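The values are calculated or read from the model by the stated rules, or taken from the named source; none is laboratory data. Predicted model, so just to flag it, every value in this text is computed and none were measured. Cβ placement follows ideal geometry from the backbone for every residue including glycine, while neighbour counts extend to all protein chains displayed.
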Amino acid sequence: LFGYKSNKVSGFFEPIAHSKVDDVILPKGFKYDVVAAYGDVINEAGDTFGFNNDFTVYFPIDGSNTHGLLWVNHEYSSDVFVHGQPGADGNYTAEQIKKMLYVQGGSVIEVRRDEKGVWKLDTQSKYARRVTGLTPTKLVGPAAGTKAVNGAVNVQGTFANCSGGMTLWNTLLTCEENFEETSGQAGLDATHYGWVVEVDPFDPTFEIRKHTALGRFNHENTAMGLSKDGRVVVYMGDDKKDACVYKFVSKNNYVPEMGRANTALLTEGTLYAADLKKGKWIALTIEAVQKALKDEKFKVPSLIKATKEELAAKFQTQADVCVNTHEAALILGATPTDRPEDIEICPFDNTFFVAHTNNDNHGNIHGHITRFFEKDSDLGAMEFDFEIFAAGGRQSGFSAPDNLTFDSNGNLWTVTDISSGSLNKGVFTSFANNGMFVIPTTGPNMGVAMQFASAPVEAEMTGPWFTPDESTLFLAVQHPGENTTDPSKPTSTWPRRPGDTMPRPAVIAITGFQF
Ligand code: FEO
Ligand code: CA
Ligand code: CA
Ligand code: CA
């Protein structure tokens with residue numbers, strides 16, 4: 001049990017049972033603090049914490065495990081809880097659109113653990129700020145300023161920020177996932193969204209940039225590592241049914257002494273998609289796409305709703321590959337998979353893990369986690385092998401794996417995302433609420449899932465992130481009470497702080513009782 005010998009959240013724990021309780025349930029010996037919830041004021045300027053928090057990343061201040069900056073993604077809005085009324089049927093007022101864009105994006109908050117062991121938000125922080133759907137950003141890389149993005153370099157804001165990742169140079173990447181709805185409702189050019197976006201939480205003067213070299217799709221996340229010869233490798237999931245697994249490899253080498261200037265590595269390199277039949281990475285280049293389309297034997301894959309002629313007209317330059325990445329990958333024979341969401345590189349052996357949430361198009365109802373083995377354990381390799389590491393279902397006890405993170409014991413932590421419409425119904429009944437599970441990647445319990453946390457009603461736990469010493473686990477509790485139609489009768493009341501009259505997505509800090 002926690003507290004015997006270590007102060008790590010990642011130490012021993014007694015697994016919990018599935019639960020339908022409207023609260024965050026944790027094993028014996030653990031507690032949680034609500035650090036920031038929707039609508040909380042985060043700084044002296046009066047900026048407020050956004051809605052539906054997702055990815056979190058902790059940046060220590062002066063190396064501290066009890067004081068730092070926390071970046072938090074805000075993925076999407078809610079008519080009921082943001083505008084106070086259900087279903088506007090897509091007809092929003094200008095004021096509502098502004099609010100819908102404001103509650104998405106991300107927050108930089110300053111957090112501290114006090115002498116009593118409670119994590120709190122510092123509202124006097126000089127760093128705390130919002131990045132929203134209204135914040136100026138710019139496109140960088142091969143597609144910036146091209147016809148493929150209608151000439152744009154400077155674009156408005158970021159939204160639909162799902163998961164993300166940290167860079168090796170202490171900035172963060174936040175990923176635009178299901179951007180189509182908001183860009184449509186707000187009347188914004190869709191080619192300006194669906195990118196990986198870089199932010200420096202410590203420096204508001206660092207231009208927020210969208211890295212077009214990393215492709216445009218329903219970006220879930222990034223997982224960054226180095227090839228054996230020192231180039232930066234970024235693995236990425238595209239969260240939709242029948243979508244591919246990607247990696248970007250930079251042209252130039254990472255130079256630690258150059259610090260943040262390494263951001264330039266993400267503007268030049270090669271984007272690859274995985275062919276799971278051949279175990280090969282396919283380079284997504286305009287030359288290859290044009291060659292494939294010119295081949296007389298080429299048949300348009302059934303997942304692409306376009307003719308060969310339309311595709312030939314669409315793919316003129318590398319920028320077109322950046323903007324229409326999923327189509328380029330399918331044209332070149334990359335393998336459609338079952339909603340590839342989060343990806344994590346195992347810190348011990350350079351294997352990487354992909355959460356395939358589910359895909360009811362072909363009966364993968366509970367999803368699975370796939371482990372990839374790059375040739376010679378080199379992240380820059382062009383060949384790989386893979387296996388199903390853990391499968392969702394009754395036996396494993398989890399369904400719909402989504403975000404992943406590793407602890408220093410080699411355990412993989414995963415959170416689940418059974419959609420709130422499916423929870424506690426039919427074949428999802430036995431799982432009860434969504435939760436968090438720990439799965440060892442080595443040893444006698446390899447592949448066995450043990451439940452660590454259970455989410456409030458209709459919520460999903462997202463964005464797990466440990467402090468470097470693993471004494472705290474940050475977790476974002478997203479969309480509690482999502483099926484509410486009447487705001488005066490919410491289906492969840494979590495987190496029930498004094499004065500709360502509705503459920504609020506919130507970031508929590510999980511710690512042990514004892515030191
Ligand atoms: Fe936003 Fe793929 O979850
Ligand atoms: Ca996710
Ligand atoms: Ca998800
Ligand atoms: Ca989600």
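Taking the range 110-201 and the strands (runs of 3 or more DSSP E) fully enclosed by it, the elements with 2 or more residues that are among the hydrophobic types (A, V, I, L, M, F, W, C) are at 119-121, 136-140, 161-166, 172-176, 196-199.
Scanning the range 382-410 for residues that are polar (S, T, N, Q), more than 16 Å from ligand 3 (Cβ to nearest atom) and modelled with pLDDT of 95 or more turns up Gln395, Ser396.
Quick check on the range 320-338. Is at least one of its residues modelled with pLDDT of 95 or more, part of a loop (DSSP other than H, G, I, E, B), within 16 Å of ligand 3 (Cβ to nearest atom) and not polar (S, T, N, Q)? No, the range 320-338 has no match at all. Of Asp417, Asp486, all but one fail to be modelled with pLDDT under 95 and either under 19 Å from Ile25 (Cβ atoms) or charged (D, E, K, R) (or both); the exception is Asp486.
With the condition kept exactly as written, say whether any residue in the range 424-433 is more than 30 Å from Pro490 (Cβ to Cβ) and either part of a loop (DSSP other than H, G, I, E, B) or hydrophobic (A, V, I, L, M, F, W, C) (or both). Within the range 424-433, not a single residue is more than 30 Å from Pro490 (Cβ to Cβ) and either part of a loop (DSSP other than H, G, I, E, B) or hydrophobic (A, V, I, L, M, F, W, C) (or both). When the range 155-196 is filtered for residues that are surrounded by fewer than 24 Cβ atoms within 10 Å (Cβ to Cβ) and within 15 Å of the chain's Cα centre (by Cα), the ones remaining, listed by number, are Gly165, Met166, Thr167, Leu172, Asn178. Restricting attention to the range 459-479 and to residues that are assigned to a loop (DSSP other than H, G, I, E, B) and away from ligand 2 (no atom under 16 Å from the Cβ), the residue that is surrounded by the fewest Cβ atoms within 10 Å (Cβ to Cβ) turns out to be Pro468.
Looking only at the range 340-367, residues that are within 16 Å of ligand 2 (Cβ to nearest atom) and not in a loop (DSSP other than H, G, I, E, B) come to 10 in all. Within the range 478-515, the set of residues being under 30 Å from Glu115 (Cβ atoms) and among the charged types (D, E, K, R) comprises Arg496, Arg497, Asp500, Arg504.
Between Val111, Val153, Val131, the distinction of being in contact with a Gly (Cβ under 8 Å, 6 or more places away or on another chain) and within 18 Å of Gly63 (Cα to Cα) belongs to Val111 only. Residue count for the range 273-313, restricted to those that are part of a strand (DSSP E or B), surrounded by 17 or more Cβ atoms within 10 Å (Cβ to Cβ) and free of Cβ contacts under 8 Å to residues at least 60 places away in the same chain: 1.
Tell me, please, whether a residue that is free of Cβ contacts under 8 Å to residues at least 40 places away in the same chain and either in contact with a Phe, Trp or Tyr (Cβ under 8 Å, 6 or more places away or on another chain) or under 22 Å from His74 (Cα atoms) (or both) can be found in the range 99-111.
yes
When Gly141, Gly164 are checked against the criterion of being closer than 17 Å to Thr263 by Cβ and within 16 Å of ligand 2 (Cβ to nearest atom), Gly164 stands alone in meeting it. Thr441 meets all of the listed conditions (1) closer than 20 Å to Val57 by Cα; (2) over 18 Å from the mean Cα position of the chain (by Cα); (3) β-branched (Val, Ile, Thr) but one, namely (1).
Only one residue in Asn170, Asn154, Asn65 is closer than 30 Å to Phe315 by Cα, touching a Pro at 6+ places or on another chain (Cβ under 9 Å), more than 16 Å from ligand 3 (Cβ to nearest atom) and not aliphatic (A, V, I, L, M). Which one?
Details: Asn170 fails: closer than 30 Å to Phe315 by Cα; Asn65 fails: closer than 30 Å to Phe315 by Cα.
Exactly one of Asn170, Asn154, Asn65 is closer than 30 Å to Phe315 by Cα, touching a Pro at 6+ places or on another chain (Cβ under 9 Å), more than 16 Å from ligand 3 (Cβ to nearest atom) and not aliphatic (A, V, I, L, M), namely Asn154.
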